[in-house]
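Worksheet: one structure, shown below.
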Amino acid sequence: MQIKSKYLAKERILSVNLENSWEKAEFFLKKDPVLKAWFQKVPFPTFLPENFLQKESKRPENLEIYFELLRTIIAQQLSTKSAQSILEKFKLENGGDLPMPERLLEMPEERLKKCGLSSQKISCLRTVSEKSLQNYFPTMAEALAMEAPLSQKLLTDLRGIGPWSADMVMLFALGHPDIFAGGDYGVREGYRLIYGEEKQFSPKILAEKTAIFSPYRSALTYYCWEVKSFVEKGQKISEDKR
């Protein structure tokens with residue numbers, strides 16, 4: 001397997017492994033009759049998430065995991081809107097961008113708290129910064145060359161980084177093609193809607209049920225988010241018409 005360090009938006013690549021294209025993922029998922037039927041209502045996304053398309057070349061590749069961990073820690077247990085608000089305030093404290101590890105360690109806790117960060121999250125952010133300076137994190141290419149469980153364990157061994165956070169980093173920083181984020185509420189809800197279940201399955205059960213979609217489980221993760229968003233928008237439209 002040849003590993004590339006750049007994401008090719010033109011080719012709509014799901015992963016840095018060129019064999020795992022977005023189109024192949026769609027073809028693979030359509031083998032499931034339930035998903036195939038849903039694709040008639042909710043088209044399979046024909047674009048990559050924004051994070052994949054806007055990699056900043058000025059940032060060293062070995063800091064991609066570090067930067068995604070900052071975003072992920074800030075977003076933990078928050079709504080998308082709240083997380084985005086805190087992230088923007090956090091970036092403004094550093095001139096409009098995410099801080100380098102050295103800079104983050106120098107930032108006073110009082111200023112970080114004014115951004116909306118809790119003491120626990122500040123501690124986690126500082127730990128990530130320290131680990132980055134110690135070259136704890138592999139480069140994107142090195143991480144993708146590892147088995148997914150090993151990459152995830154490298155992350156979850158850090159204080160404050162659980163399975164959900166590790167999945168988000170694997171999806172957004174690495175563009176890993178085979179991650180089903182069953183720990184995410186939106187993903188679980190999307191799966192429930194797709195298969196017409198009364199209740200959400202636990203992350204453990206979902207891991208078993210989605211094993212058949214390997215090596216394209218990341219595509220299924222994004223589609224679950226897409227379905228949840230589609231249904232919620234439909235419900236809002238119906239309510240507005242009342």
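The values are calculated or read from the model by the stated rules, or taken from the named source; none is laboratory data. In this text, all values refer to a predicted model and were calculated from it rather than measured experimentally. So basically every Cβ, Gly included, is an ideal-geometry build from the backbone, and we count neighbours across all protein chains shown.
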Quiz item: Is it the case that Val169 is over 22 Å from Ser218 (Cα atoms) and hydrophobic (A, V, I, L, M, F, W, C)?
Solution: no
Quiz item: Going by the structure shown, is Ile179 outside any helix (DSSP H, G or I) and out of contact with any strand residue (DSSP E or B) (no Cβ under 6 Å at 6 or more places or on another chain)?
Solution: yes
Quiz prompt | Any pair with Cβ under 9 angstrom, 6 or more apart, that starts in region 29-49 at a residue that is under 14 Å from Ser218 (Cα atoms) and ends at one that is at pLDDT 95 or above and aliphatic (A, V, I, L, M) | solution = Leu29/Leu35; Leu29/Leu220; Phe44/Leu35
Quiz item: Is it the case that some residue within region 92-102 is touching a strand residue (DSSP E or B) at 6+ places or on another chain (Cβ under 6 Å), outside the structural domain of Ser214 (by TED's automatic domain parsing) and not acidic (Asp, Glu)?
Solution: no
Quiz item: Name the pairs whose Cβ atoms lie under 6 Å apart, with the first residue in region 157-176 and farther than 16 Å from Gln77 by Cα, the second in a loop (DSSP other than H, G, I, E, B) and modelled with pLDDT of 90 or more, and 6 or more positions between them or separate chains?
Solution: Met170/Ile179; Leu171/Ile179
Practice problem: Kindly indicate whether any position in region 197-204 is surrounded by fewer than 20 Cβ atoms within 10 Å (Cβ to Cβ), in the same structural domain as Lys36 (by TED's automatic domain parsing), closer than 23 Å to Ile73 by Cα and touching a Lys or Arg at 6+ places or on another chain (Cβ under 7 Å). | Solution: no
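Answer with yes or no whether Ser118 is surrounded by 14 or more Cβ atoms within 10 Å (Cβ to Cβ), among the hydroxyl-bearing types (Ser, Thr, Tyr) and outside the structural domain of Gly186 (by TED's automatic domain parsing). Talk me through it step by step, then tell me what you get.
Working: surrounded by 14 or more Cβ atoms within 10 Å (Cβ to Cβ): no; among the hydroxyl-bearing types (Ser, Thr, Tyr): yes; outside the structural domain of Gly186 (by TED's automatic domain parsing): yes.
No.
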Practice problem: Determine the pairs where a residue that is under 22 Å from Asp178 (Cβ atoms), located within region 194-211, has a partner that is of a type in the set (Val, Ile, Thr) and surrounded by fewer than 17 Cβ atoms within 10 Å (Cβ to Cβ) with Cβ atoms under 8 Å apart, the partner being 6 or more residues away or on another chain. | Solution: Ile194/Val34; Tyr195/Val34
Quiz item: Looking only at region 211-231, which residues are farther than 19 Å from Ser165 by Cα and surrounded by fewer than 20 Cβ atoms within 10 Å (Cβ to Cβ)?
Solution: Ala211, Ile212, Ser214, Pro215, Glu226, Ser229, Phe230, Val231
Quiz item: What about Val187, is it β-branched (Val, Ile, Thr), closer than 27 Å to Val231 by Cα, in contact with a helix residue (DSSP H, G or I) (Cβ under 7 Å, 6 or more places away or on another chain) and in contact (Cβ under 8 Å) with a residue 12 or more places away in the chain?
Solution: yes
